[in-house]
Amino acid sequence: MDTQQKSILAVSFALFNLGLAFATWASRVPDVRNLALLTATTLGYVLLFRGLGTLVMMPIIAWLIPKFGSKNVALFMGCMVALTLFPISLMDHWFSLAILMMTIGMCSSGFNISLNSLGSVVETETGQSHMSKIHSWFGVGMVFGAVFGTLATRLSWSVHIHFGLVSLIMVLILAFVANYLPNDKPNTEATTPTFMWPHDGLIALGLITFLAATIETSIMNWVSLFFTDHVQASESLVPLGYAVFAGSLLIMRLFGDRLKMKFGARNLLVGGAAFSLSGLLIAVYAPNFMVAIIGMIATGAGVSLSFPMLFSAAGKEGAIALTTVASFGYVGGMISQPVMGWVVETYELAGGFLFIAAITVIIGILASKARLLAPTH
């Protein structure tokens with residue numbers, strides 16, 4: 001195996017870590033809720049703080065990477081993500097958990113952006129596209145984390161043991177890949193990308209991305225509680241709800257590029273909206289656990305290609321357009337969570353997931369009219 005192939009695998013395994021961390025948290029949300037005595041509203045605030053941390057990190061990471069290099073920043077942020085996972089299990093109040101989650105949001109965002117920067121370094125060095133392959137490992141990490149969470153629950157492991165073990169695994173992975181990551185050099189002359197407000201066709205892309213982030217973030221954060229409180233699944237089966245959703249996302253994204261060539265981005269988003277709407281309705285009105293699982297698989301398949309198609313369309317308009325549209329996604333994922341918390345508090349989880357279903361309808365309508373998603377663009 002040559003040096004470039006080792007670099008690709010190193011970045012991929014590092015991104016696997018990020019998916020593993022996210023899935024570990026998501027698979028044990030019901031237990032964390034009980035430990036921290038959260039209500040639906042305070043859980044929404046906790047998730048808001050995590051999104052706020054992501055936004056706070058955006059200008060900081062744009063300064064850190066040129067000054068210290070993507071590799072150094074990725075290793076530091078990756079270690080911070082691992083070390084901040086275990087303390088989640090020690091929080092006994094929503095505000096202390098919120099502050100911790102804000103820190104985790106900052107570290108996760110910094111880790112993600114620096115790894116994407118390393119992925120770009122690999123593509124530049126090889127002259128080939130590897131980003132889709134690298135990004136699929138985030139999905140692999142999510143699936144592994146969800147399955148491992150299911151196993152931990154079945155074995156009656158406490159959140160302390162589960163999160164502590166995953167933290168150790170993440171540190172070991174980082175230590176293993178550290179020497180194989182691309183050794184990029186700091187670039188003190190680099191400038192920070194400029195944000196611009198969407199205009200013309202970017203308005204539609206920005207709005208759709210905002211709503212798509214609302215859907216995906218809400219499902220990931222609330223699906224375990226959905227199976228616990230609404231479906232009334234046994235504790236050992238609850239993480240499977242997250243696992244099948246994450247698995248569906250991963251599988252569909254592996255085929256996303258081929259599907260885009262055959263059907264076009266606009267048709268995929270409109271069809272995906274219809275598919276996810278059907279899946280959500282099946283899950284909400286499911287008579288039993290297995291039917292709800294089928295609904296969640298369909299939902300994952302429906303929402304899976306939103307971000308790849310939207311980012312691809314925005315990328316054609318330039319780097320600043322892509323950064324701007326992506327920022328709307330971060331904002332959508334952030335502010336949607338306290339709204340979701342209020343909806344769940346008022347209308348229970350069935351109402352919350354019907355709220356998500358309504359958003360899929362709006363995405364389908366907007367996508368059908370979005371100029372930048374048209375095949376001829």
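What the table shows:
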| read-out | value |
| --- | --- |
| Residue ID - farthest from the chain's Cα centre (by Cα), chosen from residues in the range 1-39 that are small (Gly, Ala, Ser) and farther than 21 Å from residue 103 by Cα | 7 |
| Residues that are out of contact with any helix residue (DSSP H, G or I) (no Cβ under 6 Å at 6 or more places or on another chain) and in contact (Cβ under 8 Å) with a residue 60 or more places away in the chain, drawn from the range 343-353 | 348 |
| The one condition in (1) within 25 Å of residue 239 (Cβ to Cβ); (2) surrounded by fewer than 23 Cβ atoms within 10 Å (Cβ to Cβ); (3) out of contact with any Cys (no Cβ under 9 Å at 6 or more places or on another chain) that residue 43 fails to fulfil | (2) |
| Check on residue 248, modelled with pLDDT under 90, among the hydroxyl-bearing types (Ser, Thr, Tyr) and in the same structural domain as residue 355 (by TED's automatic domain parsing) | no |
| Residue match in the range 142-163 (condition: closer than 25 Å to residue 55 by Cα and of a type in the set (Ser, Thr, Tyr)) | no |
| Out of 118, 100, sole residue that is of a type in the set (A, V, I, L, M), assigned by TED's automatic domain parsing to the domain that holds residue 67 and closer than 30 Å to residue 40 by Cβ | 100 |
| Per-region count, the range 360-371, residues among the hydrophobic types (A, V, I, L, M, F, W, C) and surrounded by fewer than 21 Cβ atoms within 10 Å (Cβ to Cβ) | 4 |
| Any hit, the range 71-92, residues being surrounded by 23 or more Cβ atoms within 10 Å (Cβ to Cβ) and under 14 Å from the mean Cα position of the chain (by Cα) | no |
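The values are calculated or read from the model by the stated rules, or taken from the named source; none is laboratory data. Remember, predicted model here, so these are calculated numbers, not experimental data. Ideal geometry is used to build each Cβ from the backbone, glycine not excepted, and the neighbour counts take in all protein chains shown.
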